[in-house]
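The values are calculated or read from the model by the stated rules, or taken from the named source; none is laboratory data. Bear in mind the structure is a predicted one, so any value in this text is a computation, not a measurement. Neighbour counts run over all protein chains shown; Cβ positions are idealised from the backbone, glycine included.
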Amino acid sequence: MLPITSRTKYRILYADTDMMGVVYYGNYGRFFELGRTEMIREMGMPYIELEKAGIVMPVYSLESKYKNVLRYDELITIETTVKKLPVARMEFFHRIYNEDGGLAHEAKVVLVFLDMKSNRPVRAPERLTELLLA
């Protein structure tokens, strides 16, 4: 039943940071992907199943707000929430918390469902919708 929220832990690697030991802004997209991937896997439909069914989900838009810095070796929590059923697009709301539980980042990422062969939009797979409702 919606909304659905998933939490994924991740330890910041040296490769995630800049020379100041702070997470480089370009790496936040990877964190969002990690949260989305794990959420869908936990629901019972890994991305690989979508691809085997001929569907890909590229990013359509990204809104991102930096609230606080994240640093090397911090254990962060990536919170991913889906608030409504997808049709041709799926909205993910992400919050990243630092090791102390403080909000460090918020984002909204919208993905679209595309047919792999035609590269045309398609409806969300029925199975995914069923899993979101379960």
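Of note:
- Condition met for Ala53 (of a type in the set (Gly, Ala, Ser), out of contact with any helix residue (DSSP H, G or I) (no Cβ under 6 Å at 6 or more places or on another chain) and at pLDDT below 95): yes
- Top-ranked residue in region 14-27 [being of a type in the set (Phe, Trp, Tyr) and touching a strand residue (DSSP E or B) at 6+ places or on another chain (Cβ under 8 Å); ranked as surrounded by the most Cβ atoms within 10 Å (Cβ to Cβ)]: Tyr24
- Yes/no for Met1 being surrounded by 14 or more Cβ atoms within 10 Å (Cβ to Cβ) and outside any helix (DSSP H, G or I): no
- Evaluation of Tyr28 against the conditions (1) closer than 27 Å to Met1 by Cβ; (2) in contact (Cβ under 8 Å) with a residue 60 or more places away in the chain; (3) outside any strand (DSSP E or B) shows that the sole unmet condition is (1).
- Qualifying residue in region 35-43 (condition: out of contact with any helix residue (DSSP H, G or I) (no Cβ under 9 Å at 6 or more places or on another chain), among the aliphatic types (A, V, I, L, M) and part of a strand (DSSP E or B)): no
- Lone qualifier among Arg30, Arg11 - being exposed (fewer than 14 other Cβ atoms within 10 Å of the Cβ), closer than 30 Å to Lys117 by Cβ and of a type in the set (D, E, K, R): Arg30
- In the set (1) surrounded by fewer than 18 Cβ atoms within 10 Å (Cβ to Cβ); (2) within 21 Å of Val23 (Cα to Cα); (3) aromatic (Phe, Trp, Tyr), Tyr47 fails one condition alone, (2).
- Residue selection: Val110 fails the criterion of being touching a Lys or Arg at 6+ places or on another chain (Cβ under 8 Å), outside any strand (DSSP E or B), closer than 29 Å to Arg127 by Cα and touching a residue at least 24 places away in the same chain (Cβ under 8 Å).
- Only one of the numbered conditions (1) assigned to a helix (DSSP H, G or I); (2) within 12 Å of the chain's Cα centre (by Cα) is violated by Leu62, and that is (1).
- Residue that is surrounded by the most Cβ atoms within 10 Å (Cβ to Cβ), among those in region 81-107 that are within 15 Å of Met57 (Cα to Cα) and in contact with a Lys or Arg (Cβ under 7 Å, 6 or more places away or on another chain): Phe92
- Among residues of region 1-24 that are within 30 Å of Leu131 (Cβ to Cβ) and free of Cβ contacts under 8 Å to residues at least 24 places away in the same chain, none has a beta-carbon under 9 Å from a residue that is small (Gly, Ala, Ser) and assigned to a strand (DSSP E or B) at least six positions away or on a different chain.
- Looking across region 117-133, the residues that are loosely packed, with under 13 Cβ neighbours inside 10 Å, in a loop (DSSP other than H, G, I, E, B) and touching a residue at least 24 places away in the same chain (Cβ under 8 Å) come down to Lys117, Arg123.
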